[in-house]
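Novice: Before we start, here is the structure in question, set down as structure tokens.
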Amino acid sequence: MEHLRAETNGIAMHAVSEGDGPAVLFCHGFPGLWYSWRHQLPVVAKAGFRAIAVDMRGYGRTDRPVHASEYGNQTLVQDLTGLLDALNIERAVFVGHDFGAQACWAAALHAPDRVRGVVSLAVPYGLGFASKKKHDGAEHEERGRGRRPSDTYAEIAKHHFLHLHYFQELGPAEAELGANPRLFLRRIYWALSARGSLLDFKKFPSEGTGYLDVLAEPSEPLPWRWLSEEDLDYLVEEYMRGGVSTAFIGGLNSYRAMDVNWEHDPEYGRAPVTAPALFVCGEKDPVLQIITPKSLETMPSRVPKLRGMHLIANAGHFVQQEQPDAVNEVLLRFLRGELSG
């Protein structure tokens, strides 16, 4: 693997590259790094592609702007296309997980000439929150153009803790998570895994509750089958490169930028994406319980070249790490189909 550093869109980005051939650009989510794709890079490279995984804006060895206004969809797209420019790559297949998947969908929407295809892990195009369901006896409107996301989160937070609301205020989450990086990463990786229980946050009141309070201690110590002590060592070291105040700024600002995108990117999730695409998700991913069924049901109408939707057994949110062989199989099938010749 070759570690690269490129100047793009006013920041310096760190990326890792392996192999030669048509480019495949991997974009992680929160809390991830380029390292989230460690099981995909060598396999994709060996199959005849150039596999490139980035530390997204705000993470790892990439620069970490502190203002949420600098984390909107269009800004991230400019980061990624600028990285391709720096590497003399005209087009790539964009593979993303979590917030990285959102960035990939946005790239296909706003820079379609640079995107040969999209593989989205965990995030369907046009994510809709299951907010029409009753929340502890209260009805909440589905997010739409008429309601700012942070207002919806604040309404839900009147009834129970909601991390999307907790993260909106500058300071508390930075201090809590930055002071306890290893504890946070171990608990959140467990909570989002196939054996975890992220949605237990609904049992806690908002007042006086921090994120670590709602994340249960794992029921088994490391190493797990898919995460080792050494993996966690690396994650902690890379996140803490920026110190306590910016350790997790990339992820926190992605939540805060939901209002930025609501205001400045109204076409996201609504306008069609014309690139060939694939959707992959762990069957036990809590995201499946948060989004509306309509998001998946209507995705083919918004992504006319959707090649498939795959639910991977025995996997939670970090599907590419929990079940790498299954993910690699469907990923390579898509790449060979779309990039052959």
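Novice: For the range 85-121, name all the residues that are in a loop (DSSP other than H, G, I, E, B) and either without any contact (Cβ under 8 Å) to a residue 60 or more places away in the chain or surrounded by fewer than 24 Cβ atoms within 10 Å (Cβ to Cβ) (or both).
Specialist: Leu87, Asn88, Ile89, Glu90, Arg91, Ala111
Novice: May I pose another question? Going by the conditions given, is Asp285 in contact with a strand residue (DSSP E or B) (Cβ under 9 Å, 6 or more places away or on another chain) and not hydroxyl-bearing (Ser, Thr, Tyr)?
Specialist: Yes: the conditions hold for Asp285.
Novice: Oh, and also: Output the number of residues of the range 180-199 satisfying the condition of being assigned to a helix (DSSP H, G or I), crowded, with 17+ Cβ neighbours inside 10 Å and at pLDDT 95 or above.
Specialist: 9
Novice: Among the residues of the range 206-235, how many are aliphatic (A, V, I, L, M) and over 26 Å from Phe161 (Cα atoms)?
Specialist: Qualifying residue count, the range 206-235: 4.
Novice: Here is a follow-up. Taking Gly100 as the residue in question, decide whether it is closer than 26 Å to Gly308 by Cα, assigned by TED's automatic domain parsing to the domain that holds Phe26 and in contact with a Pro (Cβ under 8 Å, 6 or more places away or on another chain). Don't jump to the end; show me each part of the working.
Specialist: Numbers: closer than 26 Å to Gly308 by Cα: yes; assigned by TED's automatic domain parsing to the domain that holds Phe26: yes; in contact with a Pro (Cβ under 8 Å, 6 or more places away or on another chain): no.
Considered against the rule, which asks whether it is closer than 26 Å to Gly308 by Cα, assigned by TED's automatic domain parsing to the domain that holds Phe26 and in contact with a Pro (Cβ under 8 Å, 6 or more places away or on another chain), Gly100 comes out as no.
Novice: Can we say Gly251 is within 19 Å of the chain's Cα centre (by Cα) and at positive phi?
Specialist: no
Novice: For the range 3-31, how many residues meet the condition of being in a strand (DSSP E or B) and without any contact (Cβ under 8 Å) to a residue 60 or more places away in the chain? Step through it out loud before you land on a result.
Specialist: Kept after step one, since they are in a strand (DSSP E or B), are these residues of the range 3-31: 3-8, 11-18, 23-27.
Those left that are additionally without any contact (Cβ under 8 Å) to a residue 60 or more places away in the chain: 3, 5, 12, 14, 16, 18.
Final tally of qualifying residues: 6.
Novice: Considering the range 148-207 alone, what residues qualify as being over 24 Å from Gly282 (Cβ atoms), among the polar types (S, T, N, Q) and out of contact with any strand residue (DSSP E or B) (no Cβ under 8 Å at 6 or more places or on another chain)?
Specialist: Across the range 148-207, the qualifying residues are Ser150, Gln168, Asn180, Ser206.
Novice: Touching a residue at least 24 places away in the same chain (Cβ under 8 Å), of a type in the set (Phe, Trp, Tyr) and not in a helix (DSSP H, G or I), is that true of Trp226?
Specialist: In short, yes.
Novice: May I pose another question? Since Glu70 meets every condition but one in (1) crowded, with 18+ Cβ neighbours inside 10 Å; (2) touching a Ser or Thr at 6+ places or on another chain (Cβ under 9 Å); (3) in a helix (DSSP H, G or I), which condition does it not meet?
Specialist: The number of the failed condition is (2).
Novice: Is at least one residue of the range 32-54 of a type in the set (A, V, I, L, M), in a loop (DSSP other than H, G, I, E, B), surrounded by 21 or more Cβ atoms within 10 Å (Cβ to Cβ) and not assigned by TED's automatic domain parsing to the domain that holds Val236?
Specialist: yes
Novice: A follow-up question, please. Could you grab me the full set of residues in the range 274-328 that are assigned to a helix (DSSP H, G or I) and surrounded by 22 or more Cβ atoms within 10 Å (Cβ to Cβ)?
Specialist: Across the range 274-328, the qualifying residues are Val319, Gln320, Gln321, Glu322, Val327.
Novice: Output yes when any residue across the range 9-26 is more than 17 Å from Leu121 (Cα to Cα), out of contact with any strand residue (DSSP E or B) (no Cβ under 9 Å at 6 or more places or on another chain) and polar (S, T, N, Q), and no when none is.
Specialist: Quick first cut of the range 9-26, residues more than 17 Å from Leu121 (Cα to Cα) only: 9-23.
Pick out the ones that are also out of contact with any strand residue (DSSP E or B) (no Cβ under 9 Å at 6 or more places or on another chain) and you get 9-11.
From what's left, polar (S, T, N, Q): 9.
Yes, there is a match, as at least one residue in the range 9-26 is more than 17 Å from Leu121 (Cα to Cα), out of contact with any strand residue (DSSP E or B) (no Cβ under 9 Å at 6 or more places or on another chain) and polar (S, T, N, Q).
Novice: Here are Val66, Val77, Val54: which of them is out of contact with any Asp or Glu (no Cβ under 7 Å at 6 or more places or on another chain), of a type outside the set (Phe, Trp, Tyr) and touching a residue at least 60 places away in the same chain (Cβ under 8 Å)?
Specialist: Selected residue: Val66, the only one of Val66, Val77, Val54 that is out of contact with any Asp or Glu (no Cβ under 7 Å at 6 or more places or on another chain), of a type outside the set (Phe, Trp, Tyr) and touching a residue at least 60 places away in the same chain (Cβ under 8 Å).
Novice: For the range 139-160, check the following and say yes or no: at least one residue is hydrophobic (A, V, I, L, M, F, W, C), assigned to a loop (DSSP other than H, G, I, E, B), modelled with pLDDT of 95 or more and surrounded by 13 or more Cβ atoms within 10 Å (Cβ to Cβ).
Specialist: Yes, the conditions are met somewhere in the range 139-160.
The values are calculated or read from the model by the stated rules, or taken from the named source; none is laboratory data. Nothing here was measured: the structure is a model prediction, and the numbers come from that model. Here Cβ is always computed from backbone atoms with ideal geometry, including for glycine, and neighbour counts include all displayed protein chains.
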